[in-house]
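> Sharing a structure here in structure tokens format.
Each reported figure results from applying straightforward, stated rules to the coordinates on display, with no laboratory input. Note that this is a predicted model, so its numbers are computed, not measured. Cβ coordinates were reconstructed from backbone atoms using ideal geometry, including for glycine residues, and neighbour counts include every protein chain displayed.
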């Protein structure tokens with residue numbers, strides 16, 4: 001080894017290598033941060049004889065594998081999988097400065113394997129038999145001749161349950177609302193009463209779904225013709241390559257429209273995944289058949305955005321697109337309404353103004369409701385009346401879980417756009433302590449390339465001070481402020497000005513979480529990211545990087561020395577989410593809940609919060625299958641070897657990594673899966689101890705060839 005104050009040179013060809021202890025000492029002295037799992041530059045982790053480190057200014061982290069003090073293996077590895085990538089013969093590790101920025105390029109791929117369990121200390125969980133409790137830790141217990149690890153769950157008062165790992169499929173992370181749930185007692189009967197009540201309600205709902213399905217089968221609507229030459233021309237004029245999901249969803253919608261039954265379909269898709277183009281094609285099919293189209297949106301600014309998009313896409317064809325808006329004069333709006341009545345307008349876009357009594361259509365054939373969950377109860381009743389005999393398409397960026405899709409089949413048809421457009425680049429994400437220098441660099445870079453910036457500051461009272469601080473830091477930038485306490489008219493006017501590029505920075509609260517698609521905004525700064533949940537961060541980050549320009553997300557927090565323990569844990573979850581992409585599923589939990597609440601209504605939303613989201617979906621699916629006379633496909637029972645051994649803490653010290661391994665083992669079906677996991681274990685943690693090898697042998701005999 002050759003080491004100076006600033007660097008450490010390693011060359012396996014000339015046997016220039018550090019000892020195990022020398023490497024750890026150097027990394028500590030050189031400013032590296034010791035963590036359970038290496039996720040970003042400046043991290044290092046020690047597991048047995050393995051040292052992982054992500055050196056400054058290198059593209060991949062390194063894995064040093066020692067036998068005693070002798071270095072036997074040096075590999076690079078991937079953050080997303082923690083698996084070795086390639087052999088490294090020589091490297092130089094320089095000292096690390098915490099001021100060096102490192103951007104995560106997570107693809108948010110939900111297929112990434114789980115490296116960390118979603119259960120963290122003090123998380124609320126739901127056990128199907130015992131109810132809502134708090135996960136405390138993994139603990140080892142010995143019973144007779146057997147020893148294994150258990151999840152310790154705290155219930156009301158002094159009640160606790162030790163859950164064996166072969167019952168892990170009975171536990172779900174609680175997702176129900178922002179309100180802290182009440183813990184259940186083990187002997188008061190409350191959980192049994194609650195679940196019985198919810199079961200009865202889901203049975204009633206299932207019966208309503210069944211009746212609605214029968215009613216839909218008897219309804220008659222307008223049958224649209226097959227695609228015309230102009231329809232094909234319109235679709236060929238789309239500037240981007242369609243995703244397979246876009247093609248499939250468009251085909252499903254067209255099939256609905258060509259059927260004699262009125263369409264009632266819900267289209268879900270993440271922000272920037274191409275839902276609007278699907279709407280354009282459906283609307284064009286309607287006008288090609290002589291029908292009118294109404295597109296209902298929650299805000300005037302969104303109405304204006306859709307008006308621009310539809311006008312641009314329809315400009316080569318003789319169809320008239322118009323909109324009603326407070327941004328237009330009373331005379332202009334009156335002219336639009338007259339045009340609708342006499343079929344001089346083919347497509348109209350507007351807010352709930354379109355639901356007013358003075359709005360008359362000559363021949364409405366398609367109703368599109370964008371972000372239906374943002375309309376009130378009275379508006380929804382009017383929407384329901386409008387779509388009685390016309391084709392209806394509801395659109396939402398809020399995901400609905402697959403279990404619920406299955407349960408609700410018959411009530412509405414569902415489509416989901418899950419694949420991002422091919423030109424969409426992963427948003428580069430920086431998690432860092434805030435500083436004037438970093439802030440100025442982030443904003444200036446975006447403005448210099450002609451773009452705009454969202455600056456999220458979720459403290460309305462202190463927003464004026466933040467405005468002045470930004471103006472002092474960057475006196476030449478133009479800044480607008482937007483938050484939910486402004487009057488609706490002022491807020492929409494401000495958002496419209498920002499859309500028109502009259503301001504370079506929008507200093508705002510989280511109100512943009514589900515809002516505009518502004519292609520020119522490709523940097524988002526989130527101040528005090530440690531105060532936000534993963535679902536909020538996921539939604540906010542999705543507001544940028546929606547075109548072909550690289551998007552940037554800056555997750556800033558104050559000095560770690562000033563953070564509470566709770567904020568520190570939240571920040572670690574943010575780091576994991578940004579780095580691994582496997583946090584994507586966790587981030588979607590709350591969003592799925594919102595989507596489910598939208599679909600089912602306020603009453604059912606209350607039932608979901610009382611027993612937790614996942615269990616509610618499961619009970620509803622059971623009820624629907626029962627009333628339809630179907631057998632619900634049961635999940636394969638997990639293997640049951642967990643009292644025959646365990647993973648030693650000395651081998652995998654971090655309980656979340658250990659629990660993730662148990663969860664993966666419990667879902668295995670084939671020996672080849674176990675073989676692959678054994679290779680991964682020895683790559684990441686070193687040679688397995690005999691106790692663990694014996695444990696895995698017990699699992700192996702239960703697996704298929």
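> Quick check: from the Cα gyration tensor, does the range 298-395 come out rounded (a/c under 1.5), prolate or oblate? Numbers along the way, then the final one.
Details: a/c = 1.32, a/b = 1.30, b/c = 1.02.
Taking the square roots of the gyration eigenvalues as a ≥ b ≥ c, the range 298-395 is rounded.
> Hey, what angle do you get for helix 190-218 against the long axis of the chain, alpha-carbon based, 0 to 90 degrees rounded to 10?
Helix 190-218 and the main axis of the chain meet at about 40 degrees.
> Right, another one. Shape verdict for the range 432-512, please, from the Cα gyration tensor: rounded (a/c under 1.5), prolate (a/b greater than b/c) or oblate. The partial results should precede the final answer.
On the way: a/c = 2.01, a/b = 1.32, b/c = 1.53.
The shape class here is oblate.
> With n ≥ 4 as the cut-off for DSSP H runs, can you work out [θ] at 222 nm for the chain, using -39500 (n - 2.57) per run divided by the number of residues, rounded to the nearest 500? Working shown, then result.
Working: 20 runs with 261 residues, N = 705.
One gets -11500 deg cm²/dmol as the mean residue ellipticity at 222 nm.
> Something else: Simple spin-label model, 7 Å along Cα-to-Cβ: residue 255 to residue 179 in nm?
Reported label-point gap for residue 255 and residue 179 is 4.2 nm.
> Moving on. Along Cα→Cβ, 7 Å out, is where each label goes; now give me the distance between the ones at residue 548 and residue 81 in nm to one decimal.
3.1 nm
> Just to confirm the number: angle between the C-alpha axis of helix 330-341 and the first principal axis of the chain, 0 to 90 degrees, nearest 10?
Rounded to the nearest ten degrees, it is 80.
> Now for a separate question. When a/c reaches 1.5 or more, the comparison of a/b and b/c decides; with that in mind, is the range 2-100 rounded, prolate or oblate per its Cα gyration tensor?
On the way: a/c = 1.36, a/b = 1.08, b/c = 1.25.
Here the range 2-100 falls in the rounded category.
> So I have [x] 44.5; [y] 30.9; [z] 35.5, and one of them is mean projected area of the Cα convex hull in nm² calculated from this model. Which one is it?
Among [x] 44.5; [y] 30.9; [z] 35.5, the one calculated here is [z].
> Assuming R0 = 56 Å, what is the FRET efficiency of residue 188 and residue 441, from their Cβ-Cβ distance, to the nearest 0.05? Write down the numbers at each step before the final one.
Working: r = 57 Å, r/R0 = 1.02.
Working from the Cβ atoms, E equals 0.45.
> May I ask you to derive the relative contact order of the range 2-100, considering only C-alpha pairs under 8 Å and at least 6 residues apart, and to give it as an integer percent? Don't jump to the answer; show the numbers that get you there.
On the way: 198 pairs, mean separation 27.3, N = 99.
Across the range 2-100, relative contact order equals 28 percent.
> So for the chain: antiparallel DSSP bridges make up what percent, rounded to the nearest 5? Mind showing how you got there, number by number?
On the way: 48 of 103 bridges.
That works out to approximately 45 percent antiparallel.
> Sorted by mean Cβ packing within 10 Å, highest first, what order do the peptides 347-354, 568-575, 187-194, 416-423 take? If you can, show how the numbers build up before the last one.
Values: 347-354: 22.5, 568-575: 18.2, 187-194: 13.4, 416-423: 16.0.
Averaged packing, sorted descending, gives the order 347-354, 568-575, 416-423, 187-194.
> Mind ranking 501-510, 484-493 by how tightly packed they are, going by the mean number of other C-beta atoms within 10 angstrom, highest first? Can you show the working numbers first?
On the way: 501-510: 19.7, 484-493: 13.9.
Going by the mean number of other Cβ atoms within 10 Å, highest first, we get 501-510, 484-493.
> Here is a follow-up. For helix 377-386, report the angle its Cα long axis makes with the longest principal axis of the Cα atoms of the chain; keep it between 0 and 90° and round to the nearest 10°.
60 degrees
> How would you rank 670-679, 150-159, highest first, on the average number of other Cβ atoms within 10 Å across their residues? Don't skip to the answer; put the middle values down first.
On the way: 670-679: 14.0, 150-159: 17.2.
Averaged packing, sorted descending, gives the order 150-159, 670-679.
> Under 8 Å for C-alpha pairs, at least 6 residues apart: give me the relative contact order for the chain, rounded to a whole percent. Could you put the intermediate results ahead of the total?
Details: 1256 pairs, mean separation 117.4, N = 705.
Rounded, it is 17 percent for the chain.
> While we're looking at this one, here's another question. With r defined as the distance between the Cβ atoms of residue 129 and residue 644 and R0 fixed at 25 Å, what FRET efficiency is calculated, to the nearest 0.05?
Calculated value: 0.60.
> Report the FRET efficiency, 1/(1 + (r/R0)^6), for residue 327 and residue 360, where r is their Cβ-Cβ distance and R0 is 22 Å, rounded to 0.05. Provide the component values of the computation, followed by the final result.
Details: r = 22 Å, r/R0 = 1.02.
Using R0 = 22 Å, I get an efficiency of 0.45.
> Which residues in the range 132-173 place their backbone N less than 11 Å from a point set 7 Å from the Cα of residue 702 along the Cα-to-Cβ direction?
Taking a point 7 Å out along Cα→Cβ of residue 702, the residues of the range 132-173 whose backbone N falls under 11 Å are 165-168.
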